[in-house]
Amino acid sequence: MIIWLKSAHILALCVWCAGLITLPLMLARREVGLVGRPLYHLQLTTRFVFVTLVSPAAFIAIGTGTALIFARETFTFWFAIKLLLVGILAKLHIRTGAHVVEVFKEDGHYALWRAALSVSLAALVTTLILIFVLAKPTMAELGIPADLVEPGGLGRWLGFDVQPSSEMTIPTP
């Protein structure tokens, strides 16, 4: 069962990430003044890729990833960072979807600098996900102090005088 979940997860993640890298380049093909059949064909193709391929792949990647969390009981530091990066991918996905709608309005266009930024960001996040999944670094390997995860650790790290307490006090009004 785990093999099938991992296979589906990896395949869906590949399609999702490839789509987030490719779609900005498709959007950049929208030129101001493009009309008629070429505009319609570009819009049809771009929306098809986003709605029919990339969005279902994102849904499957997140769904199978969630199932794997519980099947493998993966609750480690590197995994928390991976989830943060997947959240960034989801945000990129939402922004790309909004751009797919906006770019094809009358006189819409997608600047080349925006395409370059979107492609670079998607490629960077995808690469970081691969690095964290394959390397599975610990907090110590990344130079993050272990006491940050202890009660009051962040306060001590920021220079506050925090004393751990075994009793919890609730202020009264």
Worksheet entry | Those residues of region 15-37 which are exposed (fewer than 12 other Cβ atoms within 10 Å of the Cβ) and farther than 16 Å from residue 110 by Cα, in sequence order | 36, 37
Practice prompt. Pick out the one residue from 84, 92 that is out of contact with any helix residue (DSSP H, G or I) (no Cβ under 9 Å at 6 or more places or on another chain) and either at pLDDT 85 or above or polar (S, T, N, Q) (or both).
Written response: 84
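One residue is enough: does region 60-67 have a residue meeting the conditions open to solvent by less than 30 Å² (accessible area, probe 1.4 Å), closer than 20 Å to residue 120 by Cα and assigned to a helix (DSSP H, G or I)? Break it down stepwise before answering.
Restricting attention to region 60-67, the residues satisfying the condition of being open to solvent by less than 30 Å² (accessible area, probe 1.4 Å) are 61, 64-65.
Next, only the ones that are closer than 20 Å to residue 120 by Cα stay: none.
No: region 60-67 contains no residue that is open to solvent by less than 30 Å² (accessible area, probe 1.4 Å), closer than 20 Å to residue 120 by Cα and assigned to a helix (DSSP H, G or I).
Go through 44, 53, 39, 23 for me and flag whichever is more than 16 Å from residue 133 (Cα to Cα), touching a Ser or Thr at 6+ places or on another chain (Cβ under 7 Å) and among the aliphatic types (A, V, I, L, M).
Details: 44 fails: touching a Ser or Thr at 6+ places or on another chain (Cβ under 7 Å); 53 fails: touching a Ser or Thr at 6+ places or on another chain (Cβ under 7 Å); 39 fails: touching a Ser or Thr at 6+ places or on another chain (Cβ under 7 Å).
None of the others qualify; the one that does is 23.
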Worksheet item: Just one of the numbered conditions (1) under 30 Å from residue 74 (Cβ atoms); (2) surrounded by 14 or more Cβ atoms within 10 Å (Cβ to Cβ); (3) under 24 Å from the mean Cα position of the chain (by Cα) is not true of residue 134; which one?
Response: (2)
Fill in: Pairs with Cβ under 7 Å, 6+ apart, first in region 106-132 and under 29 Å from residue 11 (Cβ atoms), second among the charged types (D, E, K, R) and open to solvent by less than 70 Å² (accessible area, probe 1.4 Å)
110/30; 129/82; 132/82
Worksheet item: Out of region 10-39, which residues are in a loop (DSSP other than H, G, I, E, B) and among the basic types (Lys, Arg)?
Response: 29, 30
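Take the residues in region 95-131 that are of a type in the set (Gly, Ala, Ser) and in a loop (DSSP other than H, G, I, E, B); name whichever of them is least open to solvent (accessible area, probe 1.4 Å). Let's see the steps before the verdict.
Filtering region 95-131 down to residues of a type in the set (Gly, Ala, Ser) leaves 97-98, 108, 111, 115-116, 118, 120, 122-123.
Of the ones still in play, those that are also in a loop (DSSP other than H, G, I, E, B) are 108, 111.
Working: 108: 10, 111: 27 Å².
Across region 95-131, the extreme among qualifying residues is 108.
Test of understanding: among 48, 79, 70, which residue is part of a helix (DSSP H, G or I) and modelled with pLDDT of 95 or more?
48
The values are calculated or read from the model by the stated rules, or taken from the named source; none is laboratory data. Model, not experiment: these values are computed from the prediction. Don't worry about glycine lacking a Cβ; one is built from the backbone with ideal geometry, like all the others, and counts go over all protein chains shown. Remember, those area values only see protein heavy atoms, side chains included, never the ligands or the DNA or RNA. Shrake-Rupley method; radii C 1.70, N 1.55, O 1.52, S 1.80 Å.
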